[in-house]
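Inspection log for the structure reproduced underneath, given as structure tokens.
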Amino acid sequence: MKIAVISCIHGNYEALNAVLSDIDDHKVEQIYCLGDLVGYGPHPNAVVEMVRSLNIPTVQGCWDEDIIEGLNACECSYPSILAEQRGKLAHTWTDQEIHPETREFLAQLPMTLRVDNLAFVHGSPNNQHEYLLPEIDAFTAMERVLGTGADVLFCGHTHVPYVRDLSDGLVKVQVKRSGVSETATQIHVAPLKRIINAGSVGEPRHGRPNATYVIYDPESAEVKLREVEYDYPKTCAAIIDKGLPAIFAWRLARGLEYAERAEDPTHICER
Amino acid sequence: MYWAIAAGIEGNLAAYEAFLKDLRQSRLDIEALYLLGDIVGPRKDSIKVIDRIQNPRPGEPEPQVCQGWWEDQCLILHALGRTGEPTQLFDRYGKAMAKTLWDAVPRAAIEWIRNLDFGFSELDCLLIHGTSMGVDEALTPETPVMTILDRLQRMGVNNLFCGRSGQAFDYNLVQGSMQTQVTMLDRPPSAQTVTLPAKRLIGVGNIGHALVRPAMCCTTPAIILLNSKP
Amino acid sequence: MGSSIAANQLVWHHDLTGQVLDPASLNLFWFELTEGAYGQIHRVKAIVEIVDGSAWQLSFNQGEDPMETELPVERWLSGRPDRPSQIEVVAGVDFDPIGVTAACRVAGSPMRYYSIIKPSCGSSHENRGYFLYSWQL
């Protein structure tokens, strides 16, 4: 039974449709979605309606959270004043555009999903805003997977898909306690774990405009990183027509890798 | 040169005096004294402890103090905290504790508490009450090793001193390795072996609860003496 | 060293004097500008002030890598710098001056004015100050 995992649709209805067609071609039994249905893109209501009508189990992304709770991310979530100002413009536009039922749907989304030995989150199990980049320290990555209790952690948020296997983890510890003269030695062995980043359907940042998502076979543990062409000029035109910043259209057409992320990807805002 | 690091006076002036006396008697050259929070507590001497910290006697190091869990509860009671309700205080000690703490730590002390640091970062060491994740997070030798590693890595230090657990221990991550392989769209799988530099978590104990004689490489379980060039 | 401006190109310049830019925003803007986010760019010269008090010369020629060089001037550490700061662009007709202006406004403080000089205006780059420093337009 294969599953498809999609993430970061960002109001891009054209991309979502193309990805759903591609999923249809792959005999997938279940689709999961890792959030960020809205933000940046021109069709937030249509995207939410599609995900809802297909009963796709979905976790809440950082954009979904901000839309329902008010923009609460601090400036530390943005790498620059310029990125922050654009993020706020997109937030304001989306906030005015979405229908009450869209907001209600986003509000009831869970932060995490667990199915058998699989966990699904938007950013990381700690926080929707945390970026689990492929180069993040292996021990940090292992901690995030162990925190879910699952063997495979699906995440999004970075907009660049990847698969990361963590194996043969071993840590040796010596502990000396007050009142105990001898030093205790512990050997901790970490089990095989895997992080699968689903990329982004609606705002890819891998260097091409194509939508990305993943197909996973829990029985064989095979992962396919899928890249799907779609009519991105149509989405770009809609971005400009709807009055969203034109730079979003330019970025979308390039699939730019210049990710808008804070300098410290594991930084978690206290707000 | 040494640092003396302690936590958890909890308004126990006698215990703090005993600690300072012990420090004096050690005859060690103490370069800095760090008090990692829980200076105050539900004891009437809390204000006297603050006064004693603010006015070290000649020859005593000037303590550097950061906020602890009890200070956080005081700020919440005075509507200056990061959360509105003292939920943790109620859960652990019951609602009556709010009044006890309110009486023990008068308004006059709140401004001092409010201006305390959250922690200190010096020479590859982080000195903090809980962890960078929160003042209430207690790390102990029983905490999952990956969580301890994560907290060390979040702050980018190899030595973490913390006081929340009240336990005195020296937890050394002496060796670590892991295989990692990343596959991306346009790149062939890249594998590498990651090794872990030695890291250390030190529980600095608690002065206010108990003051017993040494068992470790320090004068009391409540202080750790660290060569300032680790 | 001079070079001509083609008929289908325009020269645009914009005074940034007194503006102090956030380096991260400047990086993002500079990347976007030289990658064509605001239209086709043939050449850019700019001198910008950033928050640590340093002044930088930015230059770009189509087909080459963008260059950023710190200028050998004293750091301006008190108040807004009143030494000349400016950006000048030779661009294609699809150039979006409003987008550039908006990005600069966000990256720093509000701009004092901007103007578009058509090629017919020639090389009237008065108020250059030390823009003369290796200025190539």
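Here are a few things to note about the model shown:
- Comparing A:ASP165, A:ASP231, A:ASP25 in a Gaussian network model of chain A (Cα springs below 10 Å), the most mobile by mean-square fluctuation is A:ASP25.
- Secondary structure note: in the range C:9-119, about 95% of the DSSP beta bridges are antiparallel.
- Of the Cα atoms belonging to the range B:141-198, the radius of gyration and Dmax stand at 15.5, 51 Å.
- In loop segments of the range C:1-86 as defined by DSSP, the trypsin sites (Lys or Arg not before Pro) with at most 15 further C-beta atoms inside 10 Å of their C-beta are C:ARG75.
- Computed over the range C:1-57, the convex hull of the alpha-carbon atoms projects to a mean area of 4.8 nm².
- Mean Cα-pair separation over length for the range C:9-119, i.e. relative contact order, pairs under 8 Å, 6 or more apart, %: 45 percent
- Value of [θ]222 nm, deg cm²/dmol, for chain A, DSSP H segments ≥ 4, -39500 (n - 2.57) each, nearest 500: -9500 deg cm²/dmol
- FRET efficiency, 1/(1 + (r/R0)^6) with R0 45 Å, evaluated for C:PHE31 and A:MET1 via beta carbons: 0.55
- Over 24 Å (Cα to Cα) - which of A:LYS27/A:LYS224; B:LYS21/B:LYS44; A:LYS27/A:LYS242; A:LYS2/A:LYS193 fall in this group: A:LYS27/A:LYS242
- Antiparallel DSSP beta bridges within the protein assembly as shown, percent to nearest 5: 75 percent
- The range A:73-217: translational diffusion in µm²/s, Stokes-Einstein, Kirkwood Rh over Cα pairs, 25 °C, 0.890 mPa s: 136 µm²/s
- Between A:GLY202, A:GLY149, A:GLY39, the Gaussian network model of chain A with springs among Cα atoms under 10 angstrom shows the greatest mean-square fluctuation at A:GLY149.
- Axis angle, to the nearest 10 degrees, between helix B:145-154 and the longest C-alpha principal axis of chain B: 80 degrees.
- Three-way shape call for the range A:134-190 based on the alpha-carbon gyration tensor, with the a/c threshold at 1.5: prolate
- Remark: spin-label model distance B:THR143-A:GLU101 equals 4.8 nm, labels positioned 7 Å along the Cα→Cβ axis.
- Two-decimal log10 I(q)/I(0) for the range C:9-119, as the Debye equation yields it once each C-alpha is a single scatterer, q = 0.11, 0.17, 0.22 Å⁻¹: -0.31, -0.75, -1.26
- Of all the options A:ASN197, A:ASN210, A:ASN126, the one that moves most in a Gaussian network model of chain A with Cα springs shorter than 10 angstrom is A:ASN126.
- Antiparallel DSSP beta bridges within chain B, as percent of all bridges there, nearest 5: 55 percent
- For the range A:169-243, with +1 on Lys and Arg beta carbons and -1 on Asp and Glu, the positive-most of A:ILE195, A:LEU225, A:SER178 along the dipole: A:SER178
- When you work out D = kT/(6 pi eta Rh) for the range A:134-260 at 10 °C and 1.306 mPa s, using the Kirkwood radius from C-alpha pairs as Rh and the Stokes-Einstein form, the result is 91 µm²/s.
- Those aspartates and glutamates that a straight Cα-Cα span of less than 17 Å connects to A:LYS234, excepting residues fewer than 8 apart in one chain: A:GLU14, A:GLU203
- Modelled label positions at B:ALA18 and A:HIS26, each set 7 Å beyond Cα in the direction of Cβ, lie 6.6 nm from each other.
- Cα-only radius of gyration and Dmax that characterise the range B:1-136, units Å: 15.1, 46
- Nitroxide proxy distance, nm - points 7 Å out along Cα→Cβ at B:ASN115 and B:MET133: 3.3 nm
- Values of log10 I(q)/I(0) for the protein assembly as shown across q = 0.08, 0.12 Å⁻¹ run -0.76, -1.23, by the Debye formula with one identical scatterer at each alpha carbon and no solvent.
- For q = 0.17 Å⁻¹, Debye-computed log10 I/I(0) when each Cα of chain B counts as one equal scatterer: -1.21
- When the alpha-carbon atoms of chain A are used, the pair Rg, Dmax equals 19.5, 74 angstrom.
- The Cβ shell under 11 Å around B:ASP170 holds other residues with a net charge of +3, Lys and Arg each +1, Asp and Glu each -1.
- Calculated FRET value between B:ALA198 and A:ARG52, using beta carbons and R₀ = 60 Å, to 0.05: 0.70
- Taking the empirical scaling 2.2 N^0.38 Å for compact globular proteins as reference, the range A:26-67 has a Cα radius of gyration ratio of 1.21.
Values quoted throughout were computed directly from the atomic coordinates according to the rules given, and no laboratory measurement underlies them. It should be emphasised that the depicted structure is a prediction, and the values quoted were computed from it without experimental measurement. Cβ: placed from backbone, ideal geometry, glycine included. Neighbour counts: every protein chain shown.
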